[in-house]
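A short write-up of the structure that comes next.
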2 protein chains.
Amino acid sequence: MRWDRPPLHEVAVTLPGWVAGAVDFDATYATDEARMRLAIRLARENIRRGTGGPFGAAVFERGTGRLVAVGMNGVVRLNNSTAHAEMLALQLAERRIASYSLAADGHPAHELFSSCAPCAMCLGAVLWSGVTRLVCGAAREDAERVRFDEGPVFAESYAYLRARGIEIAERVLRDEARAVLDEYAAMGGEVYNG
Amino acid sequence: MRWDRPPLHEVAVTLPGWVAGAVDFDATYATDEARMRLAIRLARENIRRGTGGPFGAAVFERGTGRLVAVGMNGVVRLNNSTAHAEMLALQLAERRIASYSLAADGHPAHELFSSCAPCAMCLGAVLWSGVTRLVCGAAREDAERVRFDEGPVFAESYAYLRARGIEIAERVLRDEARAVLDEYAAMGGEVYNG
């Protein structure tokens with residue numbers, strides 16, 4: 001079966017179609033709570049519309065709160081184990097500013113909001129992205145309680161990022177964020193990182 | 001300037017054009033050394049052709065040595081901080097077999113060869129990809145010696161993957177792999193994860 005498929009030279013990492021009509025890129029996201037609520041809403045829409053797992057993320061300009069890019073889990077939809085919410089948001093933000101670093105000269109500082117504490121892959125990606133702040137909603141144990149593995153993330157991992165100048169805030173609107181994880185578990189949603 | 005660019009809904013993760021003519025997908029890669037030599041050659045071609053940093057990777061079927069997908073660093077070329085060699089190879093392999101898991105039912109076991117020990121992001125991605133074996137060429141300190149940061153990877157990180165059934169072999173053809181890092185440094189190549 002698999003032999004039918006030739007080697008590939010391109011992968012498209014896309015957002016689902018509903019995003020264009022559901023996200024207001026011109027709104028002001030003035031506070032941490034407003035920014036986190038967007039990340040959580042993306043997670044919730046994603047599971048209710050059947051386009052992925054219970055995780056949402058968004059990149060903002062720190063000072064203005066201008067929304068730069070959004071992401072939501074697309075592992076199953078895209079057949080791509082790297083298509084976590086944070087990965088999509090960071091890649092789309094970098095493409096939008098046309099730089100591999102969100103800390104590039106001539107750009108304002110950026111921050112990443114994630115509806116859940118990032119897995120090992122995404123925490124590494126945060127470091128390479130150039131964001132200067134990471135804000136998380138649900139905690140690692142909230143994801144694990146509904147059987148998602150978070151991978152090799154340790155207290156030292158967070159310390160490593162902080163030592164490189166990245167501010168990290170945890171458990172912002174944790175209860176609201178956790179509710180999406182629980183809703184997904186109650187739906188019987190697929191746990192692709194079991 | 002940046003305000004000219006509308007929000008994006010898609011990112012294309014592509015291989016450079018030279019790959020099609022330089023990689024033989026029908027060859028047999030019978031041994032660990034043959035498989036690692038391909039990963040190292042991809043790294044070397046990448047820097048000599050000016051399409052990225054000194055890192056290459058490839059996914060093989062473990063038993064047959066059939067080549068499934070290749071990747072090479074494309075951070076600067078693609079303006080994408082997640083475009084590490086391992087990430088490209090894993091995503092292309094998953095798309096080729098049309099599954100988010102290389103351990104999916106009906107498929108043979110897969111393994112990832114990387115010309116250098118993976119950074120924190122890529123090590124997390126290895127865990128989610130479903131490969132059952134990781135083989136590395138150059139060591140973390142070889143990358144750090146030419147000023148690449150590898151991120152929060154600890155002995156416990158490797159133990160975490162091994163506990164989940166992933167075999168890991170390190171320093172396979174290390175000297176050949178390190179030579180590409182040194183060649184890149186001698187060229188004055190850009191260190192995007194400095």
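Since every read-out is calculated from the coordinates, none of them should be taken as a lab result. Keep in mind the model is a prediction, meaning the values are calculated, not measured. When we count neighbours, we look across all protein chains shown, and the Cβ atoms used for this are built from the backbone with ideal geometry, even at glycine.
Using the Karplus curve 6.51 cos²θ - 1.76 cosθ + 1.60 with θ = phi - 60°, what ³J(HN,Hα) values do you get for each residue of region B:173-184, in whole Hz, with x for Gly and Pro?
With the stated coefficients, region B:173-184 comes to 6, 4, 5, 5, 5, 5, 4, 5, 4, 5, 4, 5 Hz.
Among A:M121, B:M36, which comes first, second and so on when ranked by fewest other beta-carbon atoms within 10 Å?
Values: A:M121 31, B:M36 25.
Neighbour counts put them in this order, fewest first: B:M36, A:M121.
Are there any chymotrypsin sites (Phe, Trp or Tyr not before Pro) in region B:25-132 that are in a DSSP loop and have at most 15 other Cβ atoms within 10 Å? List them by number. Write down the numbers at each step before the final one.
Numbers: sites: B:F25, B:Y29, B:F55, B:F60, B:Y100, B:F113, B:W128; in loops: B:F25, B:Y29, B:F55, B:Y100.
Here the chymotrypsin sites (Phe, Trp or Tyr not before Pro) that fit, given the DSSP loop and packing criteria, are B:F25.
Can you classify region A:79-194 as rounded, prolate or oblate using the Cα gyration tensor, where a ≥ b ≥ c are the square roots of its eigenvalues, rounded means a/c under 1.5, and otherwise it's prolate if a/b beats b/c and oblate if not? Walk me through the intermediate numbers first.
On the way: a/c = 1.96, a/b = 1.61, b/c = 1.21.
Prolate is the answer for region A:79-194, as a/c is 1.5 or above and a/b outweighs b/c.
Give the shape of the protein assembly as shown as rounded, prolate or oblate, defined through the alpha-carbon gyration tensor: a ≥ b ≥ c are the square roots of its eigenvalues, a/c under 1.5 means rounded, and otherwise the shape is prolate if a/b is larger than b/c and oblate if not. Show your work: numbers first, answer last.
Numbers: a/c = 1.64, a/b = 1.38, b/c = 1.18.
Prolate, because a/c is 1.5 or more and a/b exceeds b/c.
Does chain B come out rounded, prolate or oblate, given a ≥ b ≥ c as the square roots of the eigenvalues of its C-alpha gyration tensor, rounded meaning a/c under 1.5 and, failing that, prolate meaning a/b above b/c? Before the final figure, lay out the partial values.
On the way: a/c = 1.32, a/b = 1.16, b/c = 1.14.
Rounded shape, in that the Cα axes give a/c under 1.5.
What relative contact order, as a whole-number percentage, does region A:119-184 give when Cα pairs under 8 Å and 6 or more residues apart are counted? Before the final figure, lay out each step's value.
On the way: 65 pairs, mean separation 31.2, N = 66.
Computed value for region A:119-184: 47 percent relative contact order.
HN-Hα J couplings of region B:64-72 from phi, Karplus 6.51/-1.76/1.60, θ = phi - 60°, integer Hz, Gly and Pro as x?
Listing the rounded values in order: 7, x, 5, 7, 9, 7, 10, x, 8 Hz.
Between copies, how far does the label point of B:A104 sit from its twins, in nm, shortest first, when each point is 7 Å from Cα along Cα→Cβ?
For B:A104, the other copies' label points sit at 3.4 nm, shortest first.
Picking from B:G71, B:Y160, B:G21, whose Cα lies most toward the positive end of the charge dipole for chain B (charges on Cβ: Lys, Arg +1; Asp, Glu -1)?
B:G21
Trypsin sites (Lys or Arg not before Pro), restricted to region A:97-194: which are DSSP loop and have at most 14 other Cβ atoms within 10 Å? Could you put the intermediate results ahead of the total?
Details: sites: A:R133, A:R140, A:R145, A:R147, A:R162, A:R164, A:R171, A:R174, A:R178; in loops: A:R147, A:R164, A:R171.
Of the trypsin sites (Lys or Arg not before Pro), the ones in loops of region A:97-194 whose Cβ has at most 14 other Cβ atoms within 10 Å are A:R147, A:R164.
Using just the helices of chain A, give the 222 nm mean residue ellipticity in deg cm²/dmol: DSSP H runs with n ≥ 4 each add -39,500 (n - 2.57), and the total is spread over all residues, rounded to 500.
-11500 deg cm²/dmol
Taking θ = phi - 60°, what integer Hz values does the Karplus form 6.51 cos²θ - 1.76 cosθ + 1.60 yield along region B:35-48, in sequence order, with x for Gly and Pro?
Karplus-based 3J(HN,Hα) across region B:35-48 equals 5, 5, 4, 5, 4, 5, 5, 4, 4, 5, 4, 4, 6, 5 Hz.
How far is B:R5 from the same spot in each other copy, in nm, shortest first, if each label point sits 7 Å from Cα toward Cβ?
Its label point is 3.0 nm from the equivalent points in the other copies.
So the label point sits 7 Å from Cα along the Cα-to-Cβ vector; using that for B:R62, what distances do you get to the other copies, in nanometres, sorted shortest first?
Between copies, matching label points for B:R62 lie 4.4 nm apart.
Where the centre of each part is set by its Cα atoms, how far does region A:83-162 sit from region B:38-86, in angstrom?
Taking the Cα centre of each part, region A:83-162 and region B:38-86 sit 23 Å apart.
How many partner chain Cβ atoms sit within 10 Å of a residue's Cβ in peptide A:145-155, on average, as a whole number? Please list the in-between numbers first.
Numbers: counts 0, 0, 0, 0, 4, 2, 11, 15, 5, 5, 0.
Mean partner-chain Cβ count within 10 Å for A:145-155: 4.
Check which residues have an amide H placed less than 5 Å from B:A69's amide H, if you skip close sequence neighbours.
It is B:V59, by chain and number.
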